[in-house]
Every structure is written in structure tokens, then in C-alpha cells.
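A.B. asks: First the structure, which I've put down as C-alpha cells, then a few questions once you've had a look.
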Amino acid sequence: VIPGWFSEISPMWPGEAHSLKVEKILFQGKSEYQNVMVFQSSTYGKVLVLDGVIQLTERDECAYQEMITHLPLCSIPNPKKVLVIGGGDGGVLREVSRHSSVEKIDICEIDKMVVDVSKQFFPDIAVGFDDPRVTLHIGDGVAFLKAVPEGTYDAVIVDSSDPIGPAQELFEKPFFESVARALRPGGVVCTQAESIWLHMHIIEDIVANCRQIFKGSVNYAWTTVPTYPSGMIGFMLCSTEGPSVDFKHPVNPIDENDSQQSTRPLKFYNSEIHTAAFCLPSFAKRAIGSK
Ligand SMILES: NCCCN[C@H]1CC[C@H](N)CC1
């Protein structure tokens, strides 16, 4: 360990560790589920860390929160009811609330400390909780989905940490089955789906499960996030049987200079990068392919 630096060391990415220079540690705590830390970095703003894994930094969180939200919501004509699993920092909520067609946003986050810490240290991200359409449920997303009536949501966004710790079951088949049941015909789900450089086996398992469960489209997309391991992160975009969804061409665009977004313009997402996000390098196309 280098004094004054935070290194993201984990068995999930052996032999490598992205590091950030630390100015000051702002919070350290232990919730029911994980260790929670916030530090002021020298060049990426404030940083949220759970069990030693970087969840977001102020400088590059836009890439992840905007893409995980607008890739699904811009792919269906009129999203009304949206469920967020995880996402306790509020960033996905902030992005969902850009869509004026949305009438109801449910969020189910297992760890209340993540919500409280985000509100205290990341007000521009936790602003998402202020939207009147939002209902916060503190609990396990798996149990929450089991209780949801069939066909409730137009879209589900699974903003999870990695499959080690509290988020492990969000990567397993029963969870995907419960998401499919909670979606209306032609509804869409977007999940955090790891890195093609680091986790191709996890991705192949997720794709195989999703191809069995979701009878519409199943596509992997990705974005660059400098402070995530390998500098990128992927998303699994799936739609249920019903009105067809072409994820690669947004039918419900919101663009960077959209008048409605004047208060806080989009920093990363736009319609071109939406389409580009589904282009894969050859090694990934062979392993994942896309129907
Ligand atoms: N809303 C915070 C993003 C959480 N996403 C994950 C954090 C941990 C990473 N290794 C992968 C993405």
C-alpha cells in the first residue's frame, strides 16, 4: 500500500489494482452488509467505496448512471413505471427523472447506509431521491420482486455492485426470472454486467440465462468508466416477449441539448453513443454475439 493512495485490490480482478490519490478520508463505517467509505480524491472528486471496491466518483459517475438508465428508457416509446434495484446512491433515480413520460419510480436498495452517506456527501447524485415520483424501499431486491404483481413495470434497472457480497444473487437465474415476471410484455431490463476484459465467463453465464428467460432481444452494451477496473463496464439489455424492442436505435431519444434538460445537461449520453455502445470487439462478439 502506497501512503496517501487508495488501491482497488480484489480477487475479482487479480494482479491489477486501479489507484487514486487520497486527499482526505471523509467517512468510514460498517453497515449490516458491507464496509462503507468516502474519500476526497486529488483528481476525481469525492469517491464512494464499498468493501474496498470503487462504486462511483464525482468525476466519471455520469458515464455509468446515464448509460445504465438511458439505454433501456430510450429504447421503449413511453416508459411509465420504472423499478431500480440497488442504486442507493440516487444517481440512476436522477437520470430516470429526466423522462417526463415516467409516472412512478420504485427503488429497492438493501443498505440504508449507502442512501444516507450519498445524501450527506454526494448531494448532486442523491438529488434523485427528491423527485416526487420516487418511492424508496429498503430491503432485498429478490424479495421485493417476488412480491411485485406480474407485468407491473415497463423497465427495471439493476444497478448492482459485483457478484461478491450483497449483490451476488442479482447475477443468478432465479433473480432474472423474477425480473421477467415483473415486466409487462415488451418491457425492458438493464443490468450492470461487468467487463469483457475481466469477466467474460460471468457475462457468458448471464447471456445464456437471459437468452432462456427473455424471449425478446438480448444485447450486451458497454461504456468507459476510467475508475472501474479495466476502464469499462457493460450492461445486459433484455426485453420480454411482446412489442419488439430494437435496443440499438433509440425510439425515445433525449439528447444533450434537449431543452427539458437545461437545469443539468447530460454529460455523457447521446443518441450516437447509444447506438455505438452495442458495438463489440471481435473476441467479445464471438463469446457473446447478439441476436
Ligand atoms: N451506482 C453505483 C454503481 C455500482 N456499479 C458497480 C460498482 C462496482 C464495480 N466494480 C462495477 C459497477
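Since every read-out is calculated from the coordinates, none of them should be taken as a lab result. None of these values were measured; they are calculated from a predicted model. Cβ placement follows ideal geometry from the backbone for every residue including glycine, while neighbour counts extend to all protein chains displayed.
A.B. asks: Antiparallel DSSP bridges in the chain: what percent, to the nearest 5?
C.D. replies: Values: 31 of 51 bridges.
DSSP beta bridges in the chain are roughly 60 percent antiparallel.
A.B. asks: Whole percent per 5 Å bin, from 0 to the bin with the longest distance: what is P(r) over all C-alpha pairs of the chain?
C.D. replies: Spelled out bin by bin, the chain gives 1, 6, 13, 18, 20, 18, 14, 8, 3, 1, 0, 0 percent.
A.B. asks: I need the Kirkwood Rh of the stretch 192-259: take the reciprocal of the average 1/r across all distinct C-alpha pairs and report it in angstrom. Could the numbers behind the result be given before it?
C.D. replies: Numbers: mean 1/r = 0.0740 Å⁻¹.
The Cα-based Kirkwood calculation yields 13.5 Å.
A.B. asks: To the nearest whole percent, what portion of all C-alpha pairs in the stretch 64-108 is separated by more than 13 angstrom?
C.D. replies: Numbers: 473 of 990 pairs.
Beyond 13 Å sits 48 percent of the P(r) for the stretch 64-108.
A.B. asks: When the convex hull of the Cα atoms of the stretch 42-93 is projected onto a plane and the area is averaged over all directions, what value comes out in nm²?
C.D. replies: Working: hull surface 17.0 nm².
One quarter of the hull surface, i.e. the mean projection, equals 4.2 nm².
A.B. asks: Still on this structure, I have one more. Report Rg (one decimal) and Dmax (nearest whole number) for the stretch 73-149, counting Cα atoms only, units Å.
C.D. replies: For the stretch 73-149, the Cα radius of gyration and maximum Cα-Cα distance read 12.3, 35 Å.
A.B. asks: Take the alpha carbon atoms of the stretch 1-28, find their center, do the same for the stretch 61-98, and report the distance between the two centers in whole angstrom.
C.D. replies: Cα centroid to Cα centroid, the span is 28 Å.
A.B. asks: Quote the relative contact order of the chain in percent (integer), defining contacts as alpha-carbon pairs under 8 Å separated by 6+ residues.
C.D. replies: Details: 615 pairs, mean separation 49.0, N = 291.
Relative CO of the chain lands at 17 percent.
A.B. asks: For the chain, set up a Gaussian network in which alpha carbons nearer than 10 Å are linked by springs, and say which option among Thr191, Thr152, Thr227 fluctuates the most.
C.D. replies: Thr152
A.B. asks: Another one. Under the rule of at least 5 residues apart or a separate chain, name every residue whose amide H is placed under 5 Å from the amide H of Ile85.
C.D. replies: For Ile85, whose amide H was placed from the backbone, the distant partners under 5 Å are Cys108, Ile157, Val158, Asp159.
A.B. asks: Relative contact order for the stretch 199-291: what is it in percent, counting Cα pairs under 8 Å that are at least 6 residues apart?
C.D. replies: Relative contact order here is 30 percent.
A.B. asks: Within the stretch 88-190, report the trypsin sites (Lys or Arg not before Pro) that DSSP leaves as loop and that have at most 16 other Cβ atoms within 10 Å. All intermediate terms of the calculation are to be shown ahead of the outcome.
C.D. replies: Details: sites: Arg94, Arg98, Lys104, Lys112, Lys119, Arg133, Lys146, Arg181; in loops: Arg98, Arg133.
Listed in order of number, the matching sites are Arg133.
A.B. asks: List the relative contact order of the stretch 35-109 as a percent without decimals, with contacts defined as Cα pairs under 8 Å and 6+ residues apart.
C.D. replies: Values: 95 pairs, mean separation 16.9, N = 75.
Relative contact order of the stretch 35-109: 23 percent.
A.B. asks: Which values, in whole Å and largest first, are the semi-axes of the equivalent ellipsoid of the stretch 1-158 obtained as the square root of 5 times each eigenvalue of the Cα gyration tensor?
C.D. replies: Values: eigenvalues 178, 54, 43 Å².
Working from the Cα gyration tensor, I get semi-axes of 30, 16, 15 Å.
A.B. asks: If you filter the stretch 13-59 for GluC sites (Glu not before Pro), then keep DSSP loop positions with at most 13 other Cβ within 10 Å, what is left? Write down the numbers at each step before the final one.
C.D. replies: Numbers: sites: Glu16, Glu23, Glu32, Glu58; in loops: Glu16, Glu32, Glu58.
When the GluC sites (Glu not before Pro) of the stretch 13-59 are filtered for loop state and at most 13 Cβ neighbours within 10 Å, Glu16, Glu32 remain.
A.B. asks: Continuing with the same structure: Taking only DSSP H segments of four or more residues, each worth -39500 (n - 2.57), what value at 222 nm results for the chain once the sum is divided by all its residues, to the nearest 500 deg cm²/dmol?
C.D. replies: Numbers: 9 runs with 77 residues, N = 291.
Result for the chain: -7500 deg cm²/dmol, rounded to the nearest 500.
A.B. asks: Convex hull over the alpha-carbon atoms of the stretch 118-169: what's its volume per residue in Å³? Working shown, then result.
C.D. replies: Working: hull volume 6.5 nm³, N = 52.
Each residue corresponds to 124 Å³ of Cα convex hull volume.
A.B. asks: Same structure again: Could you pull out every one of the lysines with an alpha carbon less than 22 Å from that of Lys119, ignoring same-chain neighbours closer than 8 positions?
C.D. replies: Once the sequence-local lysines are set aside, what remains near Lys119 is Lys24, Lys30, Lys46, Lys104, Lys267.
A.B. asks: Loop-only GluC sites (Glu not before Pro) in the stretch 127-212, please: DSSP not H, G, I, E or B, and at most 11 other Cβ atoms within 10 Å. Could the numbers behind the result be given before it?
C.D. replies: Details: sites: Glu150, Glu169, Glu172, Glu177, Glu194, Glu204; in loops: Glu150, Glu172, Glu194.
Those satisfying the criteria are Glu150.
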